[in-house]
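Engineer: I have a structure here, written as structure tokens, and I will follow up with some questions on it.
Each value in this text was obtained by applying a stated rule to the coordinates, not by laboratory testing. Just so it is clear, the structure is predicted and the values come from calculations on it, not from any experiment. For neighbour counting, all protein chains shown are included, and Cβ atoms are generated from backbone atoms with ideal geometry for every residue, glycine included.
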Amino acid sequence: MEKHIIKYRGKSAHHLMLNLLIIMMQNSPNASRYALSKLLCKEWNWIQPNGALRDMAARGFMLKLHKEGYIRLPDKKNNPNNPFINQKKPTKIKAGMAQIKPIEIKQVRNTPHEKLFNSLIEYHHYLGFYHPVEEQLKYMVFANKRPIACFLWSLVPRHIGARDRYIGWTKKRPG
């Protein structure tokens, strides 16, 4: 049995798996990181319960392997727009509930408001914004069409470094 050399989000890899990944990358020399992550998901049968590929997790896994020197990823082909770079500092609301009615709660996942939601969490939450994994719900509360609150629910990943350090959890847990 091969010893696992690296773990990421519940996925472990040993030398044989890494060699297969390297061969896959050599066989697709012009593939982007995105394309490679999809190939990796198919090769390792890394899929979500809903059948979708775990390509974001696969890209994170490959990036970790790259940073630790196990593989050499191709250069990035795209640098997507980052909504956090040019964010404006919001102003505080200095009014009571009676003055800010009507209140509206909107589900913002996969809508134009999702980037605003993410940037507000990044700016105001003590841990910043971490892209939630798996299924998720994102809601914003608006007062007179201005956002005043954000709510996020997602399936809880087993390990989140920032959360685990904040709570004081170590890598070795009882049970």
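Engineer: Could you tell me how many of the residues in the stretch 120-131 are under 16 Å from F142 (Cβ atoms) and under 14 Å from the mean Cα position of the chain (by Cα)?
Structural biologist: 1
Engineer: Could you check the stretch 45-55 and list, in sequence order, the residues that are surrounded by fewer than 15 Cβ atoms within 10 Å (Cβ to Cβ) and either aliphatic (A, V, I, L, M) or not in a loop (DSSP other than H, G, I, E, B) (or both)?
Structural biologist: I47, A52
Engineer: Determine which member of the set R59, R33, R9 is within 18 Å of the chain's Cα centre (by Cα), on the phi < 0 side of the Ramachandran plot and touching a residue at least 40 places away in the same chain (Cβ under 8 Å).
Structural biologist: Details: R59 fails: touching a residue at least 40 places away in the same chain (Cβ under 8 Å); R9 fails: on the phi < 0 side of the Ramachandran plot.
So the residue among R59, R33, R9 that is within 18 Å of the chain's Cα centre (by Cα), on the phi < 0 side of the Ramachandran plot and touching a residue at least 40 places away in the same chain (Cβ under 8 Å) is R33.
Engineer: Considering each of A35, A58 in turn, give the residue that is farther than 16 Å from A13 by Cα, assigned to a helix (DSSP H, G or I) and among the small types (G, A, S).
Structural biologist: Working: A58 fails: farther than 16 Å from A13 by Cα.
From the options A35, A58, the qualifying one is A35.
Engineer: Can you tell me which residue is farthest from C150 (Cα to Cα) among those in the stretch 96-110 that are exposed (fewer than 10 other Cβ atoms within 10 Å of the Cβ) and free of Cβ contacts under 8 Å to residues at least 12 places away in the same chain?
Structural biologist: Start the filter on the stretch 96-110 by keeping residues that are exposed (fewer than 10 other Cβ atoms within 10 Å of the Cβ), which leaves 96-98, 102, 110.
The next check asks that each one be free of Cβ contacts under 8 Å to residues at least 12 places away in the same chain; those that pass are 96-98, 110.
Values: G96: 19, M97: 17, A98: 20, N110: 15 Å.
Top of the filtered list is A98.
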